[in-house]
Amino acid sequence: MRWKFNSSVHKRMQSRELVGAMDRDDESPVRLSNSTGQENGSPSWKNSLPHVCVATISSFLFGYHLSVVNEPLESISMDLGFAGNVLAEGLVVSMCLGGALVGCLFSGSIADGIGRCRAFQLAALPMIAGACISASTTSLEGMLLGRFLVGTGMGIGPPVASLYVTEVSPPSVRGTYGSFIQIATCLGLIASLFIGIPVKEVVGWWRVCFWVSAAPAALLALCMEFCAESPHWLYKRGRIGEAEVEFERLLGGPYVKSALAELSRSDKGDDAEGVKYSELLYGRHFRVVFIGTTLFALQQLSGINAVFYFSSTVFKSAGVPSDIANICVGLANLSGSIVAMLLMDKLGRKVLLLGSFIGMAAAMGLQAGAASFHHLGSGRLYLSVGGMLLFVLAFSLGAGPVPGLLLPEIFPNRIRAKAMALCMSVHWVVNFFVGLLFLQMLEQLGPQVLYSMFASFCLIAAIFVQRNVVETKGKSLQEIEIALLPPQ
């Protein structure tokens with residue numbers, strides 16, 4: 001199912017005088033022209049940077065709330081009276097996943113209905129309320145309610161962040177800015193770890209862990225009042241004058257007319273609210289949506305969240321304390337994300353995805369081998385730990401940050417928000433089942449077979465990327481849309 005650019009597409013691009021060529025992998029930045037026809041080079045990255053940084057606060061909160069209960073869970077269960085109840089403890093951990101699925105299902109309609117900035121503010125409200133309820137509750141039911149509310153905000157935030165960052169970033173740095181989402185998520189994970197360190201020594205400290213999270217959520221809601229709305233959304237709503245103003249804020253005055261002219265050449269999709277999810281599953285949009293949902297499914301079937309959720313078990317077997325283990329995993333994830341940020345607009349999305357999935361397959365193969373080398377004794381455990389850290393590092397180099405950036409790039413403007421919501425919903429569903437079944441499958445199949453299955457999914461993902469994913473580095477969203485979308 002590889003996309004090829006036939007002559008009709010090429011002629012259509014030439015007739016519309018679009019800059020750049022989509023039928024070659026030259027990675028030079030898109031160059032825009034002003035009304036006099038003079039070339040101005042690429043827009044400055046400085047104008048859009050503050051807006052992108054504010055948007056990534058939602059990703060920081062996403063990472064924070066994913067792991068905020070990991071260390072304090074024992075203290076929470078004792079204080080709220082459900083210590084030893086494995087089902088209740090599991091619900092506290094996973095209730096936010098259920099809320100995230102609900103929020104994600106509605107995120108596309110929300111982003112299209114009220115705009116990207118208002119969607120961020122709406123996502124912040126249940127995260128503030130949920131954090132306060134969790135911090136002040138005296139019962140299990142209150143904790144579950146708080147976690148569910150936080151989850152709904154988590155479900156709305158990440159897809160809207162991917163949309164927003166893609167739509168407000170200049171093409172030349174869109175990959176770099178897209179990597180900020182993954183870096184912010186890593187920082188959130190690490191922040192929750194460090195804030196949770198005193199939980200075993202200080203009585204009631206777990207409540208502080210929840211209270212703290214309300215501050216960045218409130219900051220997100222406040223700062224979004226001063227951020228630019230997506231010009232793509234404004235244009236789609238027919239608010240051309242406002243889109244022009246926002247383009248000027250984000251790109252600079254010389255680029256406004258050419259940006260608007262290019263936007264007008266693409267599929268406008270005047271009735272974005274009228275897009276039904278059924279439209280995404282057949283017809284001219286099926287191919288891009290199929291690629292998006294498959295990428296997110298393979299990302300989760302690689303076993304990455306099983307590693308994140310249950311890594312402490314492997315480290316404890318090697319005699320490494322859980323807090324040090326979590327720091328090692330977090331640093332590996334953050335280091336890879338920073339490298340990906342530096343390479344995203346140089347090597348491109350496809351190269352990073354391929355290298356990442358191949359590296360993950362090799363690392364998981366290393367763990368499968370370690371599980372079968374019983375004669376190595378303690379060396380087998382350290383080999384397994386090394387394989388796990390390499391797996392996380394390889395994931396953060398491509399399979400982690402790229403899908404959330406690539407998919408808004410390849411989705412047409414008309415369906416972008418709802419298509420992202422659908423793909424992220426697949427992400428949450430597969431994530432839930434992998435987390436639910438991992439320990440049971442590990443017990444029944446053994447680590448060698450299970451890790452080999454994960455490695456196989458990584459190789460399948462690499463083949464899928466090679467055959468179906470196109471390079472979008474340095475291309476404007478309108479170029480990508482016109483080239484990839486079949487004519488009506």
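Is region 136-158 home to any residue that is modelled with pLDDT under 90 and either in a helix (DSSP H, G or I) or of a type in the set (S, T, N, Q) (or both)?
Yes.
Have a look at Gly98, Gly84 and point out the one that is surrounded by fewer than 24 Cβ atoms within 10 Å (Cβ to Cβ), part of a helix (DSSP H, G or I) and modelled with pLDDT under 90.
Gly98
Here is a list of conditions, (1) surrounded by 21 or more Cβ atoms within 10 Å (Cβ to Cβ); (2) assigned to a loop (DSSP other than H, G, I, E, B), and Ala111 meets all of them except one; can you say which number that is?
(2)
Listed residues Val314, Val385, Val392, Val320; which is modelled with pLDDT of 90 or more and either within 30 Å of Ile197 (Cβ to Cβ) or among the polar types (S, T, N, Q) (or both)?
The match here is Val392.
The values are calculated or read from the model by the stated rules, or taken from the named source; none is laboratory data. Just so you know, these numbers come straight off a predicted model, no measurement behind them. Note that we place each Cβ from the backbone using ideal geometry, even for glycine, and neighbour counts take in every protein chain shown.
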